[in-house]
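First the structure, in the form of structure tokens, and then the observations on it.
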Amino acid sequence: MRSEEFRRSAAAVIDWIAEYLDHAENYPVAPRVSPGEIRAQLPPSPPEAGEKFAEIFADFEQVLFPGVMHWQSPNFFGYFPSNNSFPSILGELLSAGLGVQGMLWATSPACTELETHVLDWLVDLLGLPRRFHSSSAGGGVIQDSASSSAVCALIAACHRATGGRAAREGMDRRLTAYASSQAHSSIIKAARLTGLGEENLRLIDVDADFAMRPDALDAAISADRAAGKTPAFVAATIGTTSSMAIDPLAEIGAVSRRQGVWLHVDAAMAGTATLCPEYRHLNQHLDAADSYCFNPHKWMFTNFDCDCFFVADRSSLIDAMSVTPEYLRNRASAGGEVFDYRDWQIPLGRRFRALKLWFVLRSFGIEELRRRIRSHIDCARQFAEWVQADSRFELAAPPRLSLVCFRHRSDDATNQRLLEMLQRDGRIFLSHTRLGDRFVLRMSIGQTRTTIEHVRAAWKLIQEFAPPVP
Ligand SMILES: *Cc1c(COP(=O)(O)O)cnc(C)c1O
């Protein structure tokens with residue numbers, strides 16, 4: 001492809017994206033395809049001779065497009081938001097155009113410095129502890145996902161708890177970790193991947209609001225210590241995926257500090273809300289946290305992937321991760337005056353992800369980001385009121401921020417059927433969870449273009465499909 005064709009094609013793609021995002025609500029949210037249906041339309045091997053962009057794009061529209069889920073539809077209320085925005089897409093495009101590898105400061109100084117700078121902005125904007133600012137002993141880095149942040153935090157925690165032996169000699173079989181039974185599956189995955197082992201991750205009981213019980217945490221750590229174990233890591237959650245439950249950070253922080261274990265705080269979904277001063281209190285007790293992450297790629301109009309990960313003491317992370325072959329040695333790194341972000345993450349290579357975040361922050365401006373987040377939260381509050389006003393339904397957990405967990409006042413099978421009917425209908429998309437061993441519907445409101453009118457229409461549809469209570 002020559003630059004002339006690139007220019008023309010790129011203009012067409014940009015037009016297509018603008019048109020798509022402006023009208024994404026016109027599509028059934030979930031695709032109606034069966035397993036294998038998309039692949040069956042693809043040739044068994046790639047072409048020997050290059051094809052014209054127009055032909056490739058035609059196949060994108062005809063073969064692939066019918067098989068995508070419309071996550072950007074304002075009628076998407078499933079799982080969690082994964083919203084995007086025009087400035088974010090432009091930042092992503094520039095990152096692809098530059099194609100830089102930001103593994104070391106030296107391999108693209110702007111990539112590292114913008115990232116450090118934007119993450120420092122976020123420390124101030126979210127009211128995070130000063131310890132997470134790059135001017136202290138800590139700092140922030142962009143990871144691909146909250147899952148990677150969990151792995152990095154756990155590696156650093158085990159490194160610290162063993163005085164570095166975990167990295168040299170392998171995982172100590174005595175190491176233990178703790179998270180609530182409502183913690184995200186990525187914490188369990190991190191326990192598996194790091195070699196800590198799922199059996200050495202204790203899932204702590206929760207209270208009636210699905211938040212971790214600090215007394216149970218304290219007891220579990222003490223019991224392990226008495227049994228000769230080495231408690232190393234606690235993961236607390238601000239905004240669990242199932243129900244947006246908020247673990248009591250002040251108490252968990254006190255336990256972690258007293259017990260000398262690494263405290264990682266996962267705010268993947270809820271963190272964005274703390275851009276608004278009225279939700280800043282969620283971050284109030286982070287002083288004891290050793291690491292923290294949240295996902296602009298969920299609710300902050302920044303397309304996947306972009307997880308902001310902060311550590312209070314970067315040296316425990318870097319000591320655990322840094323391996324320097326000769327071909328990466330350079331004066332700036334040796335001088336110790338720069339960050340080499342390869343040492344803060346699992347892969348060596350890294351994309352220029354800060355660009356899209358910088359574009360979003362500057363193009364929206366903080367006031368507009370706050371306005372949109374507040375509007376989502378207002379929508380959720382209104383939706384919860386509607387649920388409570390209909391005697392067929394009940395709330396299944398306290399509604400928090402942008403998430404409402406609710407259920408039909410009957411059995412699991414009825415709720416499951418209701419969800420399936422809605423998903424088959426396609427005009428809206430909701431997903432489910434289990435809370436207190438009951439099947440629960442989740443209304444997660446956070447798409448870029450979702451307004452109260454979309455939420456009102458969704459509720460009307462749910463009411464239409466809902467049977468009377470037996
Ligand atoms: C979504 C979510 C995750 C996982 O996020 P990824 O970035 O996809 O790994 C982890 N924790 C919580 C609380 C989440 O909501």
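The values are calculated or read from the model by the stated rules, or taken from the named source; none is laboratory data. This one's a predicted model, so the numbers in the text were calculated from it and none came from an experiment. All Cβ positions, even for glycine, are placed from backbone atoms using ideal geometry, and neighbour counts span all protein chains on display.
Within the stretch 155-173, which residues are at pLDDT 95 or above and over 21 Å from R257 (Cβ atoms)? Once the filter is applied, which keeps residues that are at pLDDT 95 or above and over 21 Å from R257 (Cβ atoms), the stretch 155-173 yields nothing.
For the residues S316, S291, S322, the requirement of being in contact with a His (Cβ under 7 Å, 6 or more places away or on another chain), more than 22 Å from S185 (Cα to Cα) and either of a type in the set (S, T, Y) or within 12 Å of the ligand (Cβ to nearest atom) (or both) singles out S316. Looking at the stretch 263-365, the helices (runs of 4 or more DSSP H) lying wholly inside it that each contain 2 or more residues that are under 30 Å from L217 (Cβ atoms) sit at 296-299, 314-321. Just checking, does the stretch 422-431 include any residue being more than 24 Å from the chain's Cα centre (by Cα), part of a helix (DSSP H, G or I), crowded, with 21+ Cβ neighbours inside 10 Å and at pLDDT 95 or above? Yes, some residue in the stretch 422-431 is more than 24 Å from the chain's Cα centre (by Cα), part of a helix (DSSP H, G or I), crowded, with 21+ Cβ neighbours inside 10 Å and at pLDDT 95 or above. Please name all residue pairs, on different chains or six or more residues apart, with Cβ atoms under 6 Å, provided the first residue is in the stretch 440-462 and is crowded, with 24+ Cβ neighbours inside 10 Å and the second residue is part of a helix (DSSP H, G or I). Every condition considered, the pairs that remain are M443/F383; I445/H376; I445/C379; I445/A380; G446/W299; G446/H376; V455/C379; V455/F383. Of the residues making up the stretch 183-191, not a single one is polar (S, T, N, Q), within 16 Å of the ligand (Cβ to nearest atom) and in contact with a Cys (Cβ under 9 Å, 6 or more places away or on another chain). Of all the criteria given as (1) without any contact (Cβ under 8 Å) to a residue 24 or more places away in the chain; (2) over 19 Å from L357 (Cα atoms), the one not satisfied by A96 is (2). Checking A220 against (1) surrounded by 15 or more Cβ atoms within 10 Å (Cβ to Cβ); (2) within 22 Å of F294 (Cβ to Cβ); (3) more than 16 Å from the ligand (Cβ to nearest atom): exactly one of these is not met. Which one? Single failed check for A220: (2). Return the residue satisfying two criteria in turn: it lies in the stretch 223-249 and is of a type in the set (A, V, I, L, M) and more than 30 Å from H432 (Cα to Cα), and of such residues it is farthest from the ligand (Cβ to nearest atom). Among them, the one singled out is A226. Among the candidates R174, R192, R202, the residue that is loosely packed, with under 15 Cβ neighbours inside 10 Å and charged (D, E, K, R) is uniquely R192. Restricting the first member to the stretch 261-281 and to residues that are more than 22 Å from A190 (Cβ to Cβ), and the second to residues that are small (G, A, S) and within 16 Å of the ligand (Cβ to nearest atom), the beta-carbon pairs closer than 6 Å and six or more apart or on different chains are Y279/A273. Annotation: D172 fulfils all but one of (1) touching a Lys or Arg at 6+ places or on another chain (Cβ under 8 Å); (2) within 16 Å of the ligand (Cβ to nearest atom); the unmet one is (2). Note on the stretch 373-421: among residues that are in contact with a strand residue (DSSP E or B) (Cβ under 9 Å, 6 or more places away or on another chain), among the charged types (D, E, K, R) and part of a loop (DSSP other than H, G, I, E, B), the one that is surrounded by the fewest Cβ atoms within 10 Å (Cβ to Cβ) is D411.
Against the numbered list (1) closer than 30 Å to Y279 by Cα; (2) free of Cβ contacts under 8 Å to residues at least 60 places away in the same chain; (3) more than 16 Å from the ligand (Cβ to nearest atom), T107 comes up short only at (1).
Hey, any hits in the stretch 86-103 for a residue that's within 16 Å of the ligand (Cβ to nearest atom) and among the polar types (S, T, N, Q)? Yes, the stretch 86-103 contains a residue that is within 16 Å of the ligand (Cβ to nearest atom) and among the polar types (S, T, N, Q). At least 2 residues being within 30 Å of N330 (Cβ to Cβ) and within 27 Å of the chain's Cα centre (by Cα) is the threshold, and among the helices (runs of 4 or more DSSP H) wholly inside the stretch 1-104 those reaching it are 86-98.
Looking at G139, G127, just one residue is over 23 Å from Y279 (Cβ atoms), within 23 Å of the chain's Cα centre (by Cα) and either crowded, with 16+ Cβ neighbours inside 10 Å or within 16 Å of the ligand (Cβ to nearest atom) (or both), and that residue is G139.
Under 6 Å by Cβ, and 6 or more places apart or on different chains, what pairs join a residue from the stretch 297-310 that is in contact (Cβ under 8 Å) with a residue 60 or more places away in the chain and of a type in the set (S, T, N, Q) with one that is within 12 Å of the ligand (Cβ to nearest atom) and not in a loop (DSSP other than H, G, I, E, B)? Sorted first by the residue in the stretch 297-310, then by its partner, the pairs are T302/P296.
Residues of the stretch 233-262 that are part of a helix (DSSP H, G or I) and either modelled with pLDDT under 95 or farther than 28 Å from A396 by Cβ (or both): G253, A254, V255, S256, R257, R258, Q259. Just to be sure before I move on: is C152 more than 16 Å from the ligand (Cβ to nearest atom) and not basic (K, R) in the structure I sent? In short, no.
Results for (1) closer than 26 Å to G349 by Cα; (2) within 19 Å of the chain's Cα centre (by Cα), shown as yes or no for each residue.
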| position | (1), (2) |
| --- | --- |
| C152 | yes, yes |
| I155 | yes, no |
| G163 | no, no |
| A177 | no, no |
| E199 | no, no |
| R213 | no, no |
| D224 | no, no |
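Answer yes or no as to whether M300 is within 16 Å of the ligand (Cβ to nearest atom) and aliphatic (A, V, I, L, M). Yes, satisfied. In the stretch 339-352 there is no residue matching the filter, namely being among the hydroxyl-bearing types (S, T, Y) and either over 19 Å from E113 (Cα atoms) or within 16 Å of the ligand (Cβ to nearest atom) (or both).
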